[in-house]
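Take a look at the structure set out below.
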Amino acid sequence: MTFHHGDNIVQIGDHNTVNKGIAPLVDLRAAVDALRPHVPPADRPLYDDSADALRAGDDPSRESLRAIAGIAAMLGSVGAPVVEAVRSLNAVLRG
């Protein structure tokens, strides 16, 4: 299975099943990377640690999601894509 997102391609196995959690996670990772230059220096350590946790696996911790969404929300409209991506991922994870 292959998902295309911008310049990113994610392939998982060779089966015909769809993992609904992958697309929102890919979207969130892209939004987090795009927001990084706008994050104030004082917030970057927490932001970067949380972003690393998102890249580490397919099941991000609630703490990482909260930290990223909180920092993004404080940045206003520039952070809106990250906040929305976190919401979308949460909706999928909750089932």
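Figures for the structure shown
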{"read-out": "Test: residue in segment 73-87 that is touching a residue at least 40 places away in the same chain (Cβ under 8 Å) and among the small types (Gly, Ala, Ser)", "value": "yes"}
{"read-out": "All positions within segment 7-26 that are at pLDDT below 85 and either under 19 Å from residue 79 (Cβ atoms) or among the aliphatic types (A, V, I, L, M) (or both)", "value": "9, 10, 12, 18, 22"}
{"read-out": "Residue within segment 27-37 that is at pLDDT 80 or above and more than 21 Å from residue 88 (Cβ to Cβ) present", "value": "yes"}
{"read-out": "Qualifying position, being closer than 17 Å to residue 22 by Cβ, surrounded by 13 or more Cβ atoms within 10 Å (Cβ to Cβ) and touching a Lys or Arg at 6+ places or on another chain (Cβ under 8 Å), among 89, 54, 65", "value": "54"}
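The values are calculated or read from the model by the stated rules, or taken from the named source; none is laboratory data. Keep in mind that this is a model prediction, so the values were computed, not measured. Because the Cβ atoms are built from the backbone with ideal geometry, glycine has one as well, and the counts that use them run over all protein chains shown.
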